Amino acid sequence: MTAEPVYTAVETTARVLCRLQGLAVTRTGTENVPRTGGAVIAINHTSYLDFIQAALAVRESKRKLRVMAKTELANNKVLAFLMRGCGVIEVDRSAGAAAFQVGVDALRRGELVGVYPEATISRSFEIKEFKSGAARMAIEANVPIIPVIVWGAQRLVTKGGPKNLGRNHFPISVEVGAPIDPVEPADALTEILRIEMDAILHHVQDGFAHESGAYWVPRRLGGGAPTPEEAAAMDVAETSSH
């Protein structure tokens, strides 16, 4: 559960910071966020700050978002306090069953749980292969999955990229897709979700101005980001080095 004062303070701070940065945020499809009841909010992952834009989109339906995040973040005392206050569900990647159950219980209580189906940031800024956790949680709790695409936040801060946290006037687009029913089996539902999020991402990108050769633009769109194959190889190399 969230601690109301902490969540509200963090949410207010995030809104103020967005204004100070001059971010031009466009949100569409927010009516697809259910006003009541539980749902898995499936978010694409291109930036360390995707969850902020997803939470602010959810706010338009007067709802709060509980995000699932790796437990290592709580090693920082300030982050640990904020994570507890915002109801973050900590995920130990070596033993994820406990976090899975916490998420399912929250969904059954009627909460919105934010999940990154890609698990880690996509260095290519394309949709990666999905883990099945989001689908399995939705099936277990019998709640819909709401696909959410955040585009442009990778210019603020992303894995291996520069930090642009000052006043930058960057455009950011958030599109909330239609609810997906929790049909079994989980593998099929996971693929349905991946295809839908990929389609929404392409739709959002079509209305966006992309700088040729820029690090934050996918190679498919003329940018300088790694291809999906190159990004996958980088992920493997990073994992092997740890």
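Using a probe of 1.4 Å on the protein chains alone, the accessible area found for Arg59 is around 90 Å².
Taking a label point 7 Å from the Cα of Arg220 along the Cα→Cβ vector, which residues of region 18-61 have an amide N closer than 18 Å to it? Zone members listed by number: 43-47. For the options Ala153, Ala186, Ala24, a Gaussian network treatment of the chain with springs between C-alpha atoms closer than 10 Å singles out Ala24 as fluctuating the most. Computed over protein heavy atoms with a 1.4 Å probe, the carbon and sulfur contribution to the accessible area of the chain reaches 56%.
Accessible area per residue was computed with a 1.4 Å probe on protein heavy atoms; Leu165 scores about 100 Å².
Recomputing semi-axes √(5λ) of the Cα gyration tensor in Å from the coordinates shown identifies the correct label among [x] 25, 21, 19; [y] 30, 20, 17; [z] 28, 23, 19 as [x].
Relative contact order of region 1-67: 36 percent, from C-alpha pairs under 8 Å at least 6 residues apart in sequence. Most fluctuating residue of Gly160, Gly103, Gly133 in a GNM of the chain with Cα springs under 10 Å: which is it? Among Gly160, Gly103, Gly133, the largest GNM mean-square fluctuation belongs to Gly160.
Rolled with a 1.4 Å probe across the full set of protein chains, the surface gives Ile180 an accessible area near 20 Å².
In region 1-155, how many lysine pairs have Cα atoms under 25 Å apart, counting only pairs 8 or more places apart or on different chains?
Counting lysine pairs in region 1-155 gives 4.
Between Ser241 and Glu4, the C-beta separation translates, for a Förster distance of 41 Å, into a calculated FRET efficiency of about 0.50. Under the criterion of Cα pairs below 8 Å and six or more residues apart, the relative contact order for region 103-216 equals 28 percent.
Spacing of the modelled spin labels on Leu79 and Arg93, each 7 Å from Cα toward Cβ, amounts to 1.3 nm. Between Glu72, Glu118, Glu90, the GNM of the chain built on Cα springs shorter than 10 angstrom shows Glu72 fluctuating the most. Annotation note: trypsin sites (Lys or Arg not before Pro) in region 119-198 located in DSSP loop regions with a Cβ neighbour count of at most 14 within 10 Å are Lys163, Arg167.
The values are calculated or read from the model by the stated rules, or taken from the named source; none is laboratory data. On a predicted model such as this, the values are computed, not experimentally measured, just so you know. Cβ: placed from backbone, ideal geometry, glycine included. Neighbour counts: every protein chain shown. SASA here: full protein model, heavy atoms, side chains in, ligands and nucleic acids out. Shrake-Rupley method; radii C 1.70, N 1.55, O 1.52, S 1.80 Å.
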